[in-house]
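Visitor: Here's a structure for you.
The values are calculated or read from the model by the stated rules, or taken from the named source; none is laboratory data. What you are looking at is a predicted structure, and each value in this text was computed from that prediction instead of being measured. When we count neighbours, we look across all protein chains shown, and the Cβ atoms used for this are built from the backbone with ideal geometry, even at glycine. All accessible areas refer to the heavy atoms of the entire protein, side chains included, with ligands and DNA or RNA removed. Shrake-Rupley method; radii C 1.70, N 1.55, O 1.52, S 1.80 Å.
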Amino acid sequence: MTTPSPSAADYPGLDEWRERSIGQHPQWAEHPDFADSIQELNAVPPLVFAGEVDRLRSRLAQVANGEAFFLQGGDCAETFAGATADKISGRVRTLLQMAVVLTYGASLPVVKMGRMAGQFSKPRSSNEETRDGVTLPSFRGEMVNGFDFTEESRVHDPKRMLRGYHTSASTLNLIRAFTQGGFADLRRVHAWNMGFAANPAYARYETMAREIDHAVKFMAACGSDFDALKTTEFFAGHEALLLDYERALTRIDSRTNLPYGTSAHFLWIGERTRDLDGAHVDLLSRLRNPIGVKLGPGTSGEDALRLIDALDPEREPGRLTFITRMGAKNIREKLPPVIRAVEESGAKPVWVTDPMHGNTVSLPSGYKTRRFEDVVDEVRGFFEVHRELGTFPGGIHVEMTGDDVAECLGGSDPVAESSFAERYETLCDPRLNHMQSLEIAFLVAEYLSEQN
């Protein structure tokens, strides 16, 4: 007689979040397709596996101990139409290029993670949007509703969760093929970076690119096994905003009988939903995944300690990542007291900078943008603070794309506002383009090399 697999429905506490306040929650529970959509998500195969999640947690433990660096990047909000092989490969390629540079600068392994295969929802500051006297629900990402400003499009439709699941599955399939099938070959990725550094706009990075070139050639001359360098680990993460989706994809691991979120390897809680008594903290506290929390400029040391108690009571290395999004003008003042409080408590979270979300501005033209110089300044401030406190700056989290978009102003090969009309493509927040992303990687590599 076969023993049935343990069910998440029988695991104690996994549904207590339903009794708590739920910020940013879609209004779809009364939709006629809600129950069927959840039932189908309860039955589909996991998108990631418990063993992969455990491996990521061990890699992040290395980061917490200063033995590796964490790189995460991808779209502000993925789109279903954007899940093409070309666009996915462009994002993966850009992250691999960044990782090679960061590995050299840090002299450490780089844990690579895409903000991909699940980043289909976004928190919004207002539940409604008004245009020309017409008020409709705000766009919350394609897993919730449509971008078109029509009543039909803006309905919160639970069937979109199913499309999000299947799109995530195909995205992860491509990512695994790219990173295990030779696309990630170190020599190939390095050749792409040599092309970047050869551009006159990025001449200041040519020296580092050539140093990496010499290191690659040295390894080859020594008979290094390049077959082992043709593949790489690549993880996926997203903001766990839609708790109906995350709970439906929670599975009980047959090895340990513990619950894992199988929508992604890494899940994070946003600045708007990290209420200690709220539903998001409650559900994610019960999952075995590595968990991230975004910390804005209003975060106190006490806030951070209470989040640690809620999400990482055992002080397990690799379990908790704090992703700070203070803004360039705040980071040097606001971040130190938070780090000091955590360090004095003995906890060892991973410290990551998100230099994007605290630096968004709106232009008179109506475009939202970020100035590259502000992004760089927040990254620089993050490293300065950690150097002064003697703590380890564990990683960087950026909204980026592999495409030649024009959404963030500036850079060495500057993007101007005049380019927005033709090359501004994001449905939510502005992203670094391919060249700006690589420039950030070279700058961070410089900061890392100074600390070695």
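Visitor: Could you tell me which numbered condition residue 111 fails, if it satisfies all but one of (1) assigned to a strand (DSSP E or B); (2) within 12 Å of residue 237 (Cβ to Cβ); (3) out of contact with any strand residue (DSSP E or B) (no Cβ under 7 Å at 6 or more places or on another chain)?
Guide: That leaves (3) as the condition not met.
Visitor: Please go through region 212-250 and give me each residue that is open to solvent by 30 Å² or more (accessible area, probe 1.4 Å) and among the aliphatic types (A, V, I, L, M), ordered by number.
Guide: Residues satisfying the conditions are 215, 219, 220, 221, 228, 229.
Visitor: Shifting gears a bit: With the requirement that a residue be surrounded by 14 or more Cβ atoms within 10 Å (Cβ to Cβ), out of contact with any helix residue (DSSP H, G or I) (no Cβ under 6 Å at 6 or more places or on another chain), in a loop (DSSP other than H, G, I, E, B) and not aromatic (Phe, Trp, Tyr), what does region 169-194 give you?
Guide: Hit for region 169-194 is 185, nothing else.
Visitor: Something else now. When region 56-78 is examined, which residues are found to be assigned to a loop (DSSP other than H, G, I, E, B) and crowded, with 16+ Cβ neighbours inside 10 Å?
Guide: Listed by number, the residues that qualify are 68, 75, 76, 77, 78.
Visitor: Further question: Please go through region 195-211 and pick out each residue that is exposed (fewer than 15 other Cβ atoms within 10 Å of the Cβ) and either part of a helix (DSSP H, G or I) or not polar (S, T, N, Q) (or both).
Guide: Correct list: 195, 198, 200, 201, 203, 204, 207, 210, 211.
Visitor: List every residue pair whose Cβ atoms sit under 6 Å apart, with the two residues 6 or more apart in sequence or on different chains, where the first one lies in region 171-191 and is closer than 10 Å to residue 97 by Cα and the second, anywhere, is open to solvent by less than 40 Å² (accessible area, probe 1.4 Å) and not aliphatic (A, V, I, L, M).
Guide: Note: pairs meeting the criteria are 184/232; 189/97.
Visitor: Output yes when any residue across region 329-346 is buried (at least 24 other Cβ atoms within 10 Å of the Cβ), over 26 Å from residue 77 (Cα atoms) and hydrophobic (A, V, I, L, M, F, W, C), and no when none is.
Guide: Yes, the conditions are met somewhere in region 329-346.
Visitor: Ok, one more. Yes or no: residue 53 part of a loop (DSSP other than H, G, I, E, B), touching a strand residue (DSSP E or B) at 6+ places or on another chain (Cβ under 8 Å) and either of a type outside the set (S, T, N, Q) or over 18 Å from residue 323 (Cβ atoms) (or both)?
Guide: So residue 53 does not fit the description; no.
Visitor: A further question on this structure: Residues being open to solvent by less than 40 Å² (accessible area, probe 1.4 Å) and either among the hydroxyl-bearing types (Ser, Thr, Tyr) or part of a helix (DSSP H, G or I) (or both): count how many of those fall in region 119-168.
Guide: Total satisfying the criteria: 9.
Visitor: For a quick check of your reading of the model, give me the residue pairs whose first member lies in region 256-283 and is free of Cβ contacts under 8 Å to residues at least 60 places away in the same chain, whose second is among the acidic types (Asp, Glu) and open to solvent by 10 Å² or more (accessible area, probe 1.4 Å), with beta-carbon atoms closer than 7 Å and at least 6 apart or on different chains.
Guide: From residues that are free of Cβ contacts under 8 Å to residues at least 60 places away in the same chain, the pairs are 268/239; 281/275.
Visitor: Would you kindly identify the strands (runs of 3 or more DSSP E) lying entirely within region 235-274 that contain at least 3 residues that are more than 16 Å from residue 167 (Cα to Cα)?
Guide: The strands (runs of 3 or more DSSP E) meeting that bar are 250-252, 259-261, 266-269.
Visitor: Scan region 408-452 residue by residue and report those that are closer than 25 Å to residue 106 by Cα, of a type in the set (A, V, I, L, M) and open to solvent by 10 Å² or more (accessible area, probe 1.4 Å).
Guide: Residues satisfying the conditions are 435, 443.
Visitor: Residues to consider are 394, 318, 402, 327; find the one that is under 17 Å from the mean Cα position of the chain (by Cα) and within 21 Å of residue 428 (Cα to Cα).
Guide: 402
Visitor: Return yes when residue 37 is small (Gly, Ala, Ser), within 29 Å of residue 395 (Cβ to Cβ) and outside any loop (DSSP other than H, G, I, E, B) and no when it is not.
Guide: no
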